[in-house]
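The values are calculated or read from the model by the stated rules, or taken from the named source; none is laboratory data. All values derive from a computational prediction rather than experimental measurement. Every residue, glycine as well, gets a Cβ built from its backbone with ideal geometry; the counts of neighbours run over all protein chains shown. Remember, those area values only see protein heavy atoms, side chains included, never the ligands or the DNA or RNA. Shrake-Rupley method; radii C 1.70, N 1.55, O 1.52, S 1.80 Å.
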Amino acid sequence: MPKFKKLHVGEILSNRELAEGHYLMSMALPAAFPEAAPGQFVLVRAKDRAFPFLGRPLGIYVQEKGKGESRIEILYRVVGRGSGVFALLKKGDRVDILGPLGQGFRPVRGRDRIVLVAGGIGIAPLAPLVRRLRQKRPAGATLDLYYGARRADLLIGLGALRKACSTIRIATDDGSRGFKGPVTGLFAGDLKHYPPERTVIYACGPHAMLKKMSELLERLPIPCQVSVEERMACGVGACLGCVIEAKGAGKPYKRVCKEGPVFDLNEIVWR
Amino acid sequence: MSRIKPRMEVSIGKLKLQNPVMTASGTFGYGEEYAPYVDLNRLGAVIVKGISLEPRAGNPPPRIMETEGGMLNAIGLENVGVSVFIREKLPFLRNCSFPVIVNIFGESLDEYKRVAEILGQAKGVHALEVNISCPNVEKGGLVFGCDPDLCYEMTRAIKTVTDLPVIVKLTPNVTDIAALAVCCEAGGADAVSLINTLKGMSVDIEKRVPHLNRVTGGLSGPVVKPVALRMVWEVVKKVSIPVIGIGGIMTAEDALAFLIVGARAVQVGTANFINPRATMDILKGIEAYLIRHGMRDVNDIIGSLKESVE
C-alpha cells in the first residue's frame, strides 16, 4: 500500500570493518525508500533473528538513489551484543529498516563560519551534513571540522572529509595524531577566532563531549546543534522510551526519535 | 471451501468492536503517531496511553532496556493529563471510526474516580480501561491491583461515577490473578484485560548499575506470552465477563492462541515497535485462519480450547 509508511527490507551488499570495532554496512533498499536529510536516522533490525529484539537507531552515512533502487551506507561501532550481531551480517543477509526518522540538522542562514565537532563515531551523522553544507553554503563560507578519536587508526573517512572541508583539525586521546586530548580541548583553543554572529556549530559525540561543548559555549551566543542518542523502542514517538531531559517551558522531557535526534545545544539539560 | 470473509465483530459488554484486534495502552500513543503506518479505522479499538488527573512528566531516562525476546520499560506513566487530553488529543480520535477506550490511573481512589467522571462526560470516549497496577500512595504504596478488596472497591467506585463500560486491566504480579478478576467482576466491571507488564530488572555489569533509572520496570514482548496465556485461561474459567488478552502477541498465531483459550479480544503492544503494521498482519492472519478452517465467525473460535488430547 503506497499510502502508508512501512518497514523496508534492506539487503546487505557489504559489511566491512574499517577500523577496530568500526564497520561500514552498505545495503540495497527499494526505490520507494525516501530521501533522508542529514542527521536523520533509521531503526535497523536484523531479519530472522531473535536477538537483538529491538531495532537499533543508526545514522544514514551515505545515501544514493538510482533508477529502481536505493542504497544507503551506515557507519557504526560495535558497543554491545546488538551491534555485535550487525558486525556478523554478510552480503545477502536482510534487515528491516524503519525510516528515515527524526529531525535532521537545520540550516542556519547568514553564517559563513561553519564549524563541525565530531567525537568518535559522532562523525557518522556529521559526514552527510558536511557534504550537504559544501554544496549549499554561502560563497566564501568556511567549513572547519574538529574531529577527535581515541587513537589515529580510529579516524574514519578522512580522505573524503578533506575534500569537503576548509580545514580539519585532529585530536586523539593518546596523541598518536594531532592534539593530545579530547576534541573539545582542541576546539576550546580556537574558539576565540570565531566571531559569534558569523558562526554556527554542529556537533555529535559522546554525552560527556556534548556536555563540555555546552560549558564552552555557555556565555557565547553561537547557535549550536547537536545530535544525541538514546535507547529506542518504537522510533516514531509513541512509546516515550527514548526521552532526554530538556530545559525551558513545557514538558521536562523530549523524545530523541521525534523532537530529535538533533537538538539545540542549550535545549538540553546536560548532566 | 468458502472464501466468504468471516464475521469479525466481537462485543465487550455494550461495546461493539468491528474485530478483536486492539492496541495496548502505552504502545500506540494517542493514535496519531502510527497513523502514517496503519489505517487506524481498520482496528477493533485503540486504547489510549494512560491518563491521570494532572499531567505527569514520567521517569528520568534511561526508561527502556531490551531483554531476550522482549524489553523492560519504566516510562513512569508520562501523560498530558485529562484536561489537555480532552482538549488536544481527543479531537483526532473522534474522527476515527473505532471506539476510543481511554486507559486511566491515579494515586488514590478519589483520583481514579475524578478522572473517570471527567472522561465519562467527554464527547468521543466510549469506554475506560482502568490501570490498577499503580501503588496507592494513601495506603503506603500497596498496589491496588494486588489487593482483592481494593480491586472490588475501585471497580465499584468507578462504576458509580460513569455509565461508560469499564474494563479493569490486571497486573500479573500477584499470586492468584483469577481471584482478583472475580473481585473486579463483583464490583461491576464490564470486562477485564490482562496482563499488564511483569516486574523485572536488568543490570549493566561493567558499570555495575541498573540499566533503568528507576531500577525495576515492566517486562513485555514475546517472552511473557506463556505467562499471559496461562493467566487468561485461568481467569476465563472464573469469570463470566469478557476477558481481553494481552501479552507478547506478535503474530496472528499468537492472537489465535489467546482467542482459543477464551479471550474475547486481544491487545497488541510491543509488537508495534518491531513492525508498525503488526496489527494489520494479525488481523489478516486471523481472517485467513478462519477461512482455512471453514469458520464463518470469529466468535466460533473463542473459548474453543479442547483441554484433553483424547
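Computed on chain B, with alpha-carbon pairs under 8 angstrom and 6+ residues apart, the relative contact order is 21 percent. Among A:V108, A:A246, A:Y76, whose Cα lies farthest out toward the positive end of the dipole of chain A, if unit charges sit on the beta carbon of Lys, Arg (+1) and Asp, Glu (-1)? Final value for the positive-end residue is A:V108. Taking a point 7 Å out from the Cα of A:A19 in the direction of its Cβ, the residues of region A:175-202 whose backbone N falls within less than 19 Å of it are A:175-187.
In a reduced charge model with +1 at each Lys and Arg Cβ and -1 at each Asp and Glu Cβ, chain B shows a dipole moment near 620 debye about its Cα centre.
By the rule of a second cysteine Cβ within less than 4.7 angstrom, chain B holds isolated cysteines at B:C96, B:C134, B:C146, B:C184.
Tell me the carbon and sulfur percent of the accessible area for region A:142-255, rounded to whole percent, probe radius 1.4 Å.
Values: 2660 of 4950 Å².
It is 54 percent, rounded to a whole number.
The apolar share of the surface of region B:32-133, taken as the fraction of accessible area on carbon and sulfur atoms (1.4 Å probe, ligands and nucleic acids excluded), comes to 47 percent. Ordering B:A45, B:Q121, B:V10 by Cα displacement along the dipole of region B:1-156 toward the positive end leaves B:V10 in first place; charges were set at the Cβ atoms of Lys, Arg (+1) and Asp, Glu (-1).
Judged by a Cβ-Cβ distance under 4.7 Å, the unpaired cysteines of chain A are A:C165, A:C204, A:C224, A:C242, A:C257. Based on Cα contacts under 8 Å between residues 6+ apart, region B:225-310 shows a relative contact order of 28 percent. Judged by the mean number of other Cβ atoms found within 10 Å, the most tightly packed of the peptides B:128-134, A:98-104 leads the ranking B:128-134, A:98-104. Of the listed residues B:W233, A:W270, the order by accessible area with a 1.4 Å probe, largest first, is B:W233, A:W270. The residues of chain A expose on average 45 square angstrom of accessible surface per residue, using a 1.4 Å probe on protein heavy atoms.
The modelled label-to-label distance between B:V209 and A:A188, using points 7 Å beyond Cα along the C-beta direction, is 2.3 nm.
Placing unit charges on the Cβ atoms of the charged side chains and taking the dipole of region B:196-291 about its Cα centre, the candidate lying farthest along the positive direction among B:I291, B:H211, B:A255 is B:H211.
Taking 50 Å² as the minimum loss, tell me which residues in region B:15-40 lose that much accessible area going from the chain by itself to the full protein complex (1.4 Å probe). Residues meeting the cut-off: B:E33, B:P36, B:Y37. Under a model in which nothing but the beta-carbon of Lys, Arg (+1) and Asp, Glu (-1) is charged, the protein assembly as shown shows a dipole of about 2020 debye around its Cα centre.
Length gained on full extension, A:V269 to A:R131: 46.7 nm, using 0.36 nm per residue less the C-alpha separation. Neighbouring Cβ atoms from other chains, within 10 Å of the Cβ of residues in B:50-57, number 1 on average. Each semi-axis of the equivalent ellipsoid for region B:121-184 is √(5λ) with λ an eigenvalue of the Cα gyration tensor; in descending order they amount to 22, 13, 10 Å. Taking the protein heavy atoms of region B:149-240 in the context of the full set of protein chains, the accessible area attributed to carbon and sulfur is 52 percent at 1.4 Å. In region B:72-101, burial by the other protein chains removes 40 Å² or more of 1.4 Å probe accessible surface, compared with the chain on its own, from B:E78. Buried surface between chains B and A: roughly 2900 Å² of accessible area, summed over both sides, computed with a 1.4 Å probe on protein heavy atoms only. Modelled spin-label separation between A:K91 and B:R156, with each label point placed 7 Å from Cα along the Cα-to-Cβ direction: 7.3 nm. Rolled with a 1.4 Å probe across the full set of protein chains, the surface gives A:E259 an accessible area near 70 Å².
Apply the Debye scattering formula to chain A, with a single equal point scatterer on each alpha-carbon and no solvent, then give log10 I(q)/I(0) at q = 0.08, 0.12 Å⁻¹. Cα-only, vacuum Debye calculation for chain A: -0.32, -0.74.
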